[in-house]
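Since the structure comes first, as structure tokens, the remarks are kept for the end.
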Amino acid sequence: MKKLLVVVLGALVILPLIPMKAQAGQFGELLIELETSVNFSAQTDQWRARRSAWISEVRAAGSNLAALKRLLIEFETNVNASAQVNNWMQRRNAWIARVNNAGSIQALGAAMIEVETSINYSAQTSSWRNRRNGWIARVRAATN
């Protein structure tokens, strides 16, 4: 009976963490998908050299919220300002603060959608327009 109680209590502690890990893993894949939507011509020259390692870091981040925050900001930093909407530079510092203060994958998902809206369609692959609504729906589902 005592062993059963220990197992049940352990499950009650561990089980709530599983969706969070799944959500964070989905967040990483959705972040990579967003990155692949941006044309190379709309990204900084440094990004081409950094991109492969960045993708590996996103996949390795798992549920590490601090790492995901850093990687989201790094992605945005490497999108050329000319590829973003006109008022983004005025909003950017507040966005960075929201990312840095995000206490959950849900808050980070909202910030990821916000940065996607900052990128001009002309800076994204032609196939993105058809995939965008589904991507947003998957971000919302993965972070709720």
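Just a few scattered comments:
- Only one entry of Asn78, Asn100, Asn130 meets the criterion of being in contact with a strand residue (DSSP E or B) (Cβ under 6 Å, 6 or more places away or on another chain) and either free of Cβ contacts under 8 Å to residues at least 40 places away in the same chain or of a type in the set (Val, Ile, Thr) (or both), and that entry is Asn78.
- Checked against the criterion of being modelled with pLDDT of 95 or more, farther than 18 Å from Val139 by Cβ and either part of a helix (DSSP H, G or I) or of a type in the set (Phe, Trp, Tyr) (or both), the stretch 18-34 has no qualifying residue.
- Out of Ala53, Ala83, Ala137, Ala61, one residue alone is within 17 Å of the chain's Cα centre (by Cα) and surrounded by 14 or more Cβ atoms within 10 Å (Cβ to Cβ). It is Ala61.
- Matching entry among Arg70, Arg132, Arg48 (being at negative phi, basic (Lys, Arg) and more than 16 Å from the chain's Cα centre (by Cα)): Arg48
- Identity of the residue in the stretch 36-89, assigned to a strand (DSSP E or B) and not β-branched (Val, Ile, Thr), that ends up farthest from Leu108 (Cα to Cα): Gln43
- Condition check for Glu76: modelled with pLDDT of 95 or more, charged (D, E, K, R) and either buried (at least 20 other Cβ atoms within 10 Å of the Cβ) or in contact with a Lys or Arg (Cβ under 6 Å, 6 or more places away or on another chain) (or both): yes
- Residues (part of a helix (DSSP H, G or I) and farther than 21 Å from Trp54 by Cα) located in the stretch 93-109: Asn93, Ala94, Ala97, Arg98, Asn101, Gln106, Ala107
- Among the residues of the stretch 99-120, those identified as surrounded by fewer than 14 Cβ atoms within 10 Å (Cβ to Cβ) and either of a type outside the set (Ser, Thr, Tyr) or touching a helix residue (DSSP H, G or I) at 6+ places or on another chain (Cβ under 7 Å) (or both) are Asn100, Asn101, Gly103.
- Residue within the stretch 42-54 that is touching a Leu at 6+ places or on another chain (Cβ under 8 Å) and of a type in the set (A, V, I, L, M, F, W, C) present: yes
- Filter pass, Val115 being closer than 19 Å to Arg131 by Cβ, in a helix (DSSP H, G or I), touching a residue at least 24 places away in the same chain (Cβ under 8 Å) and touching a Leu at 6+ places or on another chain (Cβ under 8 Å): yes
The values are calculated or read from the model by the stated rules, or taken from the named source; none is laboratory data. Given the structure is predicted, the values throughout are model-derived calculations rather than measurements. Reconstructed Cβ throughout: ideal geometry from the backbone, glycine too, with neighbour counts over all protein chains shown.
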